[in-house]
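Each value in this text was obtained by applying a stated rule to the coordinates, not by laboratory testing. Predicted, not measured: the structure shown is a model, and the values here were computed from it. No Cβ is skipped: glycine too gets one built from the backbone with ideal geometry, and neighbour counts run over all protein chains shown.
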Amino acid sequence: MKIEFIDLKARYIDEKEQLNKIFNEVLESGQLILSDKNTNLEKNLSEYLKKKYCVTLNSGTDALMLSLWALNIKKGDEVITPTVSFIATAAAIDHIGAKPVFVDVNEDLNIDVEKIEEKINDKTKAIVPVHWTGKMCDMEKIKDIAQKYNLKIIEDAAQAIGSELENKKPGYYSDIATFSTHPLKILNGVGDGGFLITNDKEIYEKIYKYRNHGVVTRDNYEFYGVNSRMDALSASIVHYRLDRTKTLIEKRKRNIDLYKSNIKTNNFKFIEHKKNEIESHTMFVSIAEDRDGLQKYLSENDVQSLVYYGTPLHLQNASKKHGYKKGDFPNAEYLCDRVISLPFHQYLEEDEILFVSDLVNKYYK
Ligand SMILES: Cc1ncc(COP(=O)(O)O)c(C=O)c1O
């Protein structure tokens, strides 16, 4: 039995009829970039996430950069963020000229809220929590800290469409929440894409123009902007998939629950799911002893697993210039040595999950 990690081919077969219809409709319309497809998607996303404004963009990375820029974060400023995330979170802060100030993570791989305050000083301007894996951070506490020190919050919700904590979706407590619609995200298009949401009209209008070269009319550019436009095909496909997200999350949850009831070894631990949360299950990360050995064993048995992420951000070469070193964030370093993602996508059958579970049990016996 060969089990692959990525579901994109299976997803195309499942949605083929509808996707081909969208493809034809968009091409026939002759409007390929920033069309009414974007406007419709933006309207639906704002409604879904209960925020006033949404801007579709070229990627989740751009969504972060444009948010930092719109909040006037600049050279010399510091921005607090967890040391476990995709590199884009730290890179966006660095690109804007600010310093990413890392904080260690909890057992659930999210930012350790108790360790935020010790990193705050006069240069701190914002907190960028990351709902990494699709499990939401404790946003209420983060909001309290931000209010106490007058800091902005940009939620990196690249992986968290569909997530909720205490019935609150990403964006509820923050100035801006940013999302990615990269093909491997839970709500995805057929290429790069992203968007952000906010209740602040001024921020919205700034970013709305900035994503398209600062254009006001064809011959009037208010400031130098960038090209960060989502194409109409992606916008249409993301729109079509928005309604399907809930079912998809449920199917992935079913597979995760199957793993939880069939893997029986203390050497392989699941990250706890809390009663008051909905996880988007964009990722399924577990903690395995002898992770590399397990991964090799799975691969020898034709099961693809992935490591997200083997190195925390503070130990990446890219972060060297900010002066971090090994030992700075012990929890993150411990966990990154052990994280492993088993295949769990929505097209896997029960017998496939049981097959992988048995392999994990056998490996540790
Ligand atoms: C936590 C996080 N932030 C930001 C990004 C960047 O999103 P994009 O790939 O759309 O630029 C990703 C993408 O994987 C991510 O996982």
Legend entry - Under-5 Å amide H pairs with residue 184, H placed in peptide plane, nonlocal only: none
Inset, instruction - Against the globular-protein guess of 2.2 N^0.38 Å, express the Cα radius of gyration of the stretch 145-274 as a ratio, rounded to two decimals. - result: 1.36
Inset, instruction - Quick one, can you get me the convex hull of the C-alpha atoms of the stretch 75-157 expressed as volume per residue in Å³? - result: 76 Å³
Inset, instruction - Could you give the spread of the C-alpha atoms of the chain along their three principal axes, from largest to smallest, in whole angstroms? - result: 69, 54, 36
Inset, instruction - Rounded, prolate or oblate: pick one for the stretch 247-365, where a ≥ b ≥ c are the square roots of the eigenvalues of its C-alpha gyration tensor, a/c under 1.5 means rounded, and failing that, prolate if a/b is larger than b/c, else oblate. - result: prolate
Legend entry - Highest to lowest packing among 28-34, 55-61, scored as the average C-beta count within 10 Å: 55-61, 28-34
Legend entry - Estimated FRET transfer efficiency when R0 is 25 angstrom, pair residue 1-residue 270 (beta carbons, to 0.05): 0.65
Inset, instruction - Rank-order 185-192, 85-92 by packing density, defined as the average count of other C-beta atoms within 10 Å over each peptide's residues, highest first. - result: 85-92, 185-192
Inset, instruction - Cross-chain or 8 or more residues apart, Cα under 22 Å: how many lysine pairs in the stretch 38-105 fit that? Count them up, please. - result: 4
Inset, instruction - Show which aspartates and glutamates lie in cross-link reach of residue 115 when reach means a straight Cα distance below 12 angstrom and same-chain residues fewer than eight apart are skipped. - result: 104
Legend entry - Phi to ³J(HN,Hα) by Karplus 6.51 cos²θ - 1.76 cosθ + 1.60 over the stretch 115-121, Hz, x for Gly, Pro: 9, 6, 4, 5, 9, 7, 9
Inset, instruction - Among 46, 236, rank each residue by its count of other Cβ atoms within 10 Å, from fewest to most, as a rough exposure measure. - result: 46, 236
Inset, instruction - Quick one: compute the contact order of the stretch 92-209, relative version, from alpha carbon pairs under 8 angstrom and 6+ residues apart, as a percent. - result: 16 percent
Inset, instruction - Taking a cut-off of 25 Å between Cα atoms, list the lysines near residue 365, but don't count ones fewer than 8 places away on the same chain. - result: 2, 260, 264, 269, 296
Legend entry - Value of relative contact order over the chain, rounded to a whole percent, pairs C-alpha under 8 Å and six or more apart: 22 percent
Legend entry - Contact order relative to length of the stretch 203-357, as percent, for alpha carbon pairs under 8 angstrom and 6 or more apart: 23 percent
Inset, instruction - Using θ = phi - 60° and the Karplus relation 6.51 cos²θ - 1.76 cosθ + 1.60, list the HN-Hα couplings for the stretch 84-94 in order, rounded to whole Hz, with x at every Gly or Pro. - result: 10, 5, 6, 3, 4, 4, 6, 4, 4, 5, 5
Legend entry - Reduced Cα scattering model of the stretch 1-110, Debye log10 I(q)/I(0), q = 0.15 Å⁻¹: -0.97
Legend entry - Sum of side-chain charges, residue 20 neighbourhood, beta-carbon under 13 Å (Lys, Arg +1; Asp, Glu -1): -3
Inset, instruction - Calculate the length of the line joining the C-alpha centroid of the stretch 4-80 to that of the stretch 91-135, in whole Å. - result: 24 Å
Legend entry - Derived scalar couplings ³J(HN,Hα) [the stretch 186-203; Karplus, 6.51 cos²θ - 1.76 cosθ + 1.60; whole Hz; x for Gly, Pro]: 5, 10, 9, x, 10, x, 5, x, x, 6, 9, 10, 7, 9, 8, 5, 5, 4
Legend entry - 5 angstrom amide H check on residue 109, placed H, neighbours 5+ away: none
Legend entry - For the stretch 51-196, the spread of Cα positions along each principal axis, largest first, Å: 42, 33, 28
Legend entry - Antiparallel DSSP beta bridges within the chain, percent to nearest 5: 60 percent
